[in-house]
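Structure first, then comments.
The values are calculated or read from the model by the stated rules, or taken from the named source; none is laboratory data. What you are looking at is a predicted structure, and each value in this text was computed from that prediction instead of being measured. Every residue, glycine among them, receives a Cβ derived from its backbone with ideal geometry; neighbour counts consider all protein chains shown. Quick note on the areas: whole protein, heavy atoms, side chains included, nothing else; ligands and nucleic acids left out. Shrake-Rupley method; radii C 1.70, N 1.55, O 1.52, S 1.80 Å.
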Amino acid sequence: AGMDPDDARKVALGAEIYAEHCAACHGAALEGQPDWRQRLANGRLPAPPHDETGHTWHHPEAQLFDLTKFGPAALVGGGYESDMPAYEGLLSDEEIWAVLSYIKSRWPAEIRTRHDQITR
């Protein structure tokens, strides 16, 4: 398990799953929603980008996995609300790692290296 952006099979599977489950909010090109740092009228934050312009790569891979599997509301607690669902029961652990591997495969080499350091 883990993010493996060099595993072509895992990245291809992740690209398919991303297109089906993630792109509607996070963007086909991982660009996120406009003004993603500004809260919406309902108090929730828009979907952030998953490319190098966002903060996804600032988080260790285990935290990214947990955010995807259990959803931000479960991790943040305290009644936090998010439009991001938990994917537990929808995607297998292998499928979640595949999506994260696909996302990481799209980052520049320098960002990938920095993320490896953060994860360690």
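Here is how the numbers come out for the structure above:
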| quantity | calculated |
| --- | --- |
| Those residues of region 83-120 which are surrounded by 15 or more Cβ atoms within 10 Å (Cβ to Cβ), more than 24 Å from E16 (Cα to Cα) and touching a Pro at 6+ places or on another chain (Cβ under 6 Å), in sequence order | T119 |
| Per-region count, region 59-72, residues open to solvent by 50 Å² or more (accessible area, probe 1.4 Å) and either without any contact (Cβ under 8 Å) to a residue 40 or more places away in the chain or of a type in the set (K, R) (or both) | 3 |
| Helices (runs of 4 or more DSSP H) completely within region 27-105 that count 1 or more residues being in contact with a strand residue (DSSP E or B) (Cβ under 6 Å, 6 or more places away or on another chain) | 61-70 |
| Enumeration of residues in region 35-58 that are farther than 19 Å from Y18 by Cα and open to solvent by 50 Å² or more (accessible area, probe 1.4 Å) | D35, R37, Q38, R39, L40, A41, N42, R44, L45, H58 |
| Region 15-33 residues that are without any contact (Cβ under 8 Å) to a residue 40 or more places away in the chain and of a type in the set (D, E), paired with ones that are surrounded by fewer than 15 Cβ atoms within 10 Å (Cβ to Cβ) and not in a helix (DSSP H, G or I) (beta carbon under 9 Å, 6 or more apart) | E31/T53 |
| Matching residues in region 25-34 - criterion: being surrounded by fewer than 14 Cβ atoms within 10 Å (Cβ to Cβ) and not aliphatic (A, V, I, L, M) | P34 |
